[in-house]
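J.: First the structure, which I've put down as structure tokens, then a few questions once you've had a look.
No value in this document is a laboratory result; all are computed from the given coordinates. The structure presented is a predicted model; accordingly, all values stated were derived computationally and were not measured. Here the Cβ positions follow ideal geometry from the backbone for every residue, glycine too, while neighbour counts run over all protein chains shown.
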Amino acid sequence: MLRALVTTCLAVVLALLFAASDSLRAEAELTGSWAALGSEDLAGDTLPVDYTGLPLNDEGRTRALSYSESQLGMIERQCQGWPAFYFVQGPFGLKIWSDAEPVKGTVTSYTIGAWEDRAPMVIWMDGRPHPSKFAEHTRAGFTTGKWEGNTLVAYTTHMQAGFIRKTGPPSSDEATMTTRFYRHDDVLTVLAVIEDPIYLAEPQILTRSFQLSATELSPTGPPCLTTFEGRVPGESTPHYDPDKNPFVDEMTKKYGVPREAALGYPETLYPEYRVKMRR
Amino acid sequence: MTRRCASIIIVVVLVTGGALAPRLIRAQTPPATARAAAPIDLTGYWVAFVTEDWRFRMILPPRGDYRGVPLNARGRQAADAWDPMADAMPANQCRPYGAAAIMRVPGRLRITWQDDNTLRIETDAGTQTRILRFNPTTTVATRTWQGDSTARWDQPNRALAVTTRNLLPGYLRRNGVPYSENAKVTEYFDLAPTPGNGELLIVTTVVDDPTYLARRFIVSSHFKKERDGSKWSPIPCSARW
């Protein structure tokens, strides 16, 4: 009788704990290796003047058209092409791991590992504030995160000025990025909303999906190291007159893309523009 | 002993607190309909914001340009044999608007509840209608461009999960990149806030097709919510643009 009562009591307690655990464990498991699929936006950096899909403002467009790839020969500019948001744009997979506080075991940060020139991205989960606006800006920026239900939401500030696309469309050091990580079974979809009051007419929105990989991805990659490539520091900066960029019509000649779409005018990102092209 | 057991249960209930109570209440009184159980509201008008794959989505890519699609040899052969003239025939005009690709077509969505257990997604581009059934009772024998879709709420993720089969063969991209009638489409619908009190719909599309794909084809598309349907502009299927 007593044994039966104890067994029943334990069973009820375990059932209650089991029922509760699913609610208490709200966060999705993001750690692991997520393979890049290479199925989206592969054409984004093949031609010098391909700004399709970008909502550039006039300032951003002018800066982009003034860009010459010879700038990569300048030591001080060699690592500009891989800002924090490159982890959503680039061809790389994601290696994500967490670090925990040693006593309570709570997650203090998630890290998205580096990959060939791109700096690692640390997402601080311990409630620390973002630094002062006067603090140093870095290539990775400074990122904090929080869970909204099963979705990890990260916010990045303090990025160095660089490119929003490797072919020259710029990003300023006032740019910020809000990233959301949605996991569905073995697919991870990342949403990045990039705001840049200097160069974008409206927020740039990117989504990219990754697939859980049984093959471990490397958590590190060779960092972007600068080297002398023939241009002495202090020399003039290679550039084009924005009105005379020789590559401005390449997208039109090769693919029939209208010039205004190739130049990233915001209205070209909406369906109405297809109707306009049809006319 | 009974009193001690009851005490333990009470302590457990108190410890698990607010997280447990709603769950138990929900378990006792499950929502009667999918509409009542909806963890997110997908209804309304949504417009595609084409920031990715612009060249493949907004204009007609050239034949043989199937970069990014994991076609197998048979799929490449079919894509290379694409005949734009054949697509101009009325029966073929909707090939790029099937369920495996429709969320990638630049256009607007109108999402409504057809009834308490059926979501309806209409597209103005191609004037297609998708019926997402939460309690499918019968399978339609006839294959269609939008197939048969079974929906469920993914409650922990606050998302909609949809599986679609019974499709007519169509195109993943309008330049003849194929999917077959054996394709299965799995989709996840998520929401996110945007700056300025806006809202985004993110649709992750997973296409399995043993006939033409070497592995799964996965893309994610995003839509901005619109206040109303003032920009809704139905245009029939067209193979030319």
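J.: With 25 Å as the limit, write out which pairs from A:Lys276/B:Lys224; A:Lys104/A:Lys146; A:Lys166/A:Lys276 have Cα-Cα distances beyond it, or answer none. All intermediate terms of the calculation are to be shown ahead of the outcome.
T.: Working: A:Lys276/B:Lys224 20 Å; A:Lys104/A:Lys146 18 Å; A:Lys166/A:Lys276 29 Å.
Beyond 25 Å between Cα atoms: A:Lys166/A:Lys276.
J.: So how tilted is helix B:2-28 from the main axis of chain B? Cα-based, degrees 0 to 90, rounded to 10.
T.: Roughly 30 degrees, rounded to the nearest 10.
J.: At a Förster radius of 30 Å, what calculated FRET efficiency corresponds to the Cβ-Cβ distance of A:Ser70 and A:Arg259, to the nearest 0.05? Each step should come with its number before you reach the end.
T.: Details: r = 24 Å, r/R0 = 0.79.
So the FRET efficiency works out to roughly 0.80.
J.: Which value at 222 nm does the protein assembly as shown reach when only helices count, each DSSP H run of 4 or more adding -39,500 (n - 2.57), with the total divided by all residues and rounded to the nearest 500 deg cm²/dmol?
T.: Details: 11 runs with 100 residues, N = 520.
Mean residue ellipticity, 222 nm, calculated: -5500 deg cm²/dmol.
J.: Less than 20 Å apart at the alpha-carbon level, and either on another chain or at least 8 residues along: which aspartates and glutamates does that give for A:Lys95?
T.: Correct list for A:Lys95: A:Glu27, A:Glu29, A:Glu40, A:Glu116, A:Asp117, A:Asp185, A:Asp186, A:Glu216.
J.: Over 28 Å, how big is the tail of the calculated P(r) for segment B:69-212, in percent of all Cα pairs?
T.: Numbers: 2152 of 10296 pairs.
The share of Cα pairs beyond 28 Å in segment B:69-212 comes to 21 percent.
J.: Quick one: net charge of A:Asp196's neighbours, Cβ under 12 Å, K/R +1, D/E -1? Write out the running numbers ahead of the final one.
T.: Values: positive: A:Arg63; negative: A:Glu59, A:Asp173, A:Glu174, A:Glu195, A:Glu202.
Spelling it out: positives minus negatives among the neighbours equals -4.
J.: How do A:Trp115, A:Trp124 rank when sorted from fewest to most other Cβ atoms within 10 Å of their own Cβ? Walk me through the numbers before you get to the answer.
T.: On the way: A:Trp115 24, A:Trp124 19.
In order of increasing Cβ crowding within 10 Å: A:Trp124, A:Trp115.
J.: Right, here's the next one. How large is log10 I(q)/I(0) at q = 0.11, 0.13, 0.21 Å⁻¹ when the Debye formula is applied to the Cα atoms of segment A:137-279, each weighted equally and without solvent?
T.: So the normalised log intensities work out to -0.66, -0.90, -1.37.
J.: If you fit an axis through the alpha-carbon atoms of helix A:2-24 and take the longest principal axis of the Cα set of chain A, what angle between them do you get, 0 to 90°, nearest 10?
T.: It works out to around 10 degrees.
J.: Label chain B by shape, choosing from rounded, prolate and oblate, from the square roots a ≥ b ≥ c of the eigenvalues of the Cα gyration tensor; if a/c is under 1.5 it is rounded, and otherwise prolate applies when a/b is larger than b/c, oblate when it is not. All intermediate terms of the calculation are to be shown ahead of the outcome.
T.: Working: a/c = 2.37, a/b = 2.02, b/c = 1.18.
Verdict is prolate for chain B.
J.: Using mean Cβ contacts within 10 Å as the protection proxy, how do A:163-170, A:50-57 order, highest first?
T.: Working: A:163-170: 23.2, A:50-57: 25.0.
Descending packing order for the listed peptides: A:50-57, A:163-170.
J.: Need one value for B:214-227: mean number of C-beta atoms belonging to other chains within 10 Å of its residues' C-beta atoms. Present the calculation step by step, with values, prior to reporting the outcome.
T.: Details: counts 0, 3, 5, 2, 9, 8, 13, 2, 6, 1, 3, 0, 0, 0.
Mean shielding count: 4.
J.: Please arrange A:Cys79, B:Cys94 by counting, for each residue, the other beta carbons lying within 10 Å of its beta carbon, fewest first. Intermediate values should be presented prior to the final figure.
T.: Working: A:Cys79 19, B:Cys94 23.
Going from least to most buried by this count: A:Cys79, B:Cys94.
J.: Checking the cross-link filter: which aspartates and glutamates have an alpha carbon closer than 15 Å to that of B:Lys184, excluding same-chain neighbours under 8 positions apart?
T.: B:Asp148, B:Asp208, B:Asp209
J.: Could you identify which residue out of B:Met85, B:Met103, B:Met58 has the top mean-square fluctuation in a GNM of chain B using Cα springs shorter than 10 Å?
T.: Looking only at B:Met85, B:Met103, B:Met58, the largest GNM fluctuation is found for B:Met85.
J.: Find how many whole Å separate the alpha carbon centroid of segment A:218-279 from the alpha carbon centroid of segment A:140-186.
T.: One Cα centre to the other: 22 Å.
J.: Apply the Karplus curve 6.51 cos²θ - 1.76 cosθ + 1.60, θ = phi - 60°, to the phi angles in segment B:35-51 and return the couplings in whole Hz, x for Gly and Pro.
T.: Residue by residue, segment B:35-51 yields 5, 6, 8, 4, x, 9, 10, 8, 5, x, 9, 10, 10, 5, 10, 8, 9 Hz.
J.: Tell me the label-point distance for the pair B:Thr137, B:Asp228, using the 7 Å Cα-to-Cβ offset, in nm and rounded to one decimal.
T.: In this crude label model, B:Thr137 to B:Asp228 measures out at 3.7 nm.
J.: What FRET efficiency would be calculated for the residue pair A:Glu216, B:Ala81, taking the C-beta separation as r and a Förster radius of 35 Å, to the nearest 0.05?
T.: Values: r = 40 Å, r/R0 = 1.14.
That gives a FRET efficiency of 0.30.
J.: Further question: Could you tell me the largest-minus-smallest coordinate of the C-alpha atoms of the protein assembly as shown on each of the three principal axes, in descending order and whole angstroms?
T.: That works out to 92, 61, 45 Å along the principal axes.
J.: In Å and whole numbers, how far do the C-alpha atoms of chain A stretch along each principal axis, longest first?
T.: For chain A, the Cα extents along the three principal axes come out at 93, 50, 36 Å.
J.: Let me know the shape class of segment B:196-241, please: from the alpha-carbon gyration tensor, a ≥ b ≥ c as square roots of the eigenvalues, rounded when a/c is under 1.5, otherwise prolate if a/b is greater than b/c, or oblate. Numbers along the way, then the final one.
T.: Values: a/c = 4.54, a/b = 1.52, b/c = 2.98.
Cα axes put segment B:196-241 in the oblate bin.
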